[in-house]
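One structure below.
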Amino acid sequence: MLLGETLWIALQSIRSNLFRASLTMLGIIIGVAAVITMVALGTGARAAIDAQMAALGGDILSISSSNRFSRGVARDEDTLTTADADALARESLYLEGVVPEIDGRQQVKYGNRNLNLTILGTTPNYADVHLFNVEFGRMFNEADDSARRRVAVLASEVPGMLETDAASIVGRKIQIRSISFDVIGVLESKGSGGWRNPDDDIWIPLSTAQFRVAGNDLVETISAKVLHGASIEQAMVDIERVLRREHGILPGADNDFTIMNRKQFLDSRQEATEVFTYLLAGIAGVSLVVGGIGIMNIMLVTVTERTREIGIRKAMGATNGNILLQFLVEAMTLCLFGGGIGLLLGAGASYFAAEFAGWQTQISSASVITAFTFSAAVGLVFGLWPAKRAAGLDPIDALRYE
């Protein structure tokens, strides 16, 4: 029996029992739709983390003061200074950018708006190291920093929070901790960094923050961009070498600072997302197995109902292989139709999740191929027993069956 003829008979059989075939395919439809949706959500999450890593700079190390323990209690003591940042910029062999930072929540007033925002004191090269772009106005420069000028650069969401336009606020004054600052620029949107949102910060020169706002020369964090071609591990060892010497730490003593690898943090999030995606996809895959069991049951019923038809086909010369192929094709056709409908439902669910829930989704060709392959495999595995049962029927007994 030709494969085309076998497929035509399978389609005719499904058409003659369309309602029963639809119910049979339901498990496959739900399973494929769930797998496609879960994998799309997971792939979208991984893509979002990749974009976040590219935006934040995966080659940036964050250096901060370690907690000091006193009587079993961790106490935050800033041990980093601008001199440490200068030493790293001057002596490190594997860094191309060093940015000292100090931040804190301060009252910000503009017109009748009064907000509590993060004020970030830093050096002019912060934008270059952290890949920020200025949308309106300009970034403060070395002259602003050395003169301790009261100038401010706003992140992209701050003008909206102050109920004003980003372009029009440049050149106007805002008050930070009751001190008047001139707004000289507004940055482009950066996106959330996972632990905080840099788009609602206000930047001011580091020296201004230290001596007009904080009142000391300490810094809370030093960001260090690794030189292109150098490894993260080399840079971390080099930073430790310079800072231990600057702080006079004796051999064997603990560091009074901590170096955080941002890429490692994002990689951990990526790995957790992948594990969670595979777990959800595996749970959804159980529906495919349940759907396969349903198809096997229906195919066994079909074999019983069509026993006389099988006897007639064998009497007319059909071989056991022809009968086996016919019922396998019917089972696989049911699964592939169900897989196609499930794919459309999964794509629709992914679209609505992205459009209305705001989740990032991405349907990959690999997930589509996997879903169809698994659907065909379910039809083959769970259709094999009913097909072998049909092929093994004795033609005489089959013709006598009522």
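Things to note:
- If R0 equals 45 Å, the separation of the Cβ atoms of VAL289 and LYS109 corresponds to a calculated FRET efficiency of about 0.10.
- Model label points for ASN116 and SER168, set 7 angstrom from Cα along the Cα-to-Cβ axis, are 2.9 nm apart.
- Between ASN141 and ALA87, the contour length at 0.36 nm per residue exceeds the alpha carbon distance by 17.4 nm.
- Built amide H within the under 5 Å cut-off of THR81, gap 5+: VAL219
- Segment PHE211..TYR278, full-extension length gain: 18.9 nm, with 0.36 nm per residue of separation and the alpha-carbon distance subtracted.
- Cross-link reach list, lysines versus LYS388, counting only Cα pairs under 30 Å and skipping chain neighbours closer than eight places: LYS314
- Once both labels are positioned 7 Å from their Cα atoms along Cα-to-Cβ, the gap between LEU23 and ALA366 label points is 3.9 nm.
- When all alpha carbon pairs of the stretch 67-255 are counted in 5 Å bins from zero, the resulting P(r) reads 1, 7, 15, 19, 18, 15, 11, 7, 5, 2, 0, 0 %.
- Straight-line cross-link reach from LYS225 at under 30 Å between alpha-carbon atoms covers these lysines, not counting any fewer than eight positions away in the same chain: LYS190, LYS263.
- Counting only residues at least eight positions apart within a chain, or on another chain, the lysines with an alpha carbon under 22 Å from that of LYS109 are LYS173.
Coordinate-derived values only; no laboratory data. Quick caveat, the model's predicted, so the values are computed rather than measured. Glycine also receives a Cβ, built like all others from the backbone with ideal geometry; neighbour counts cover every protein chain displayed.
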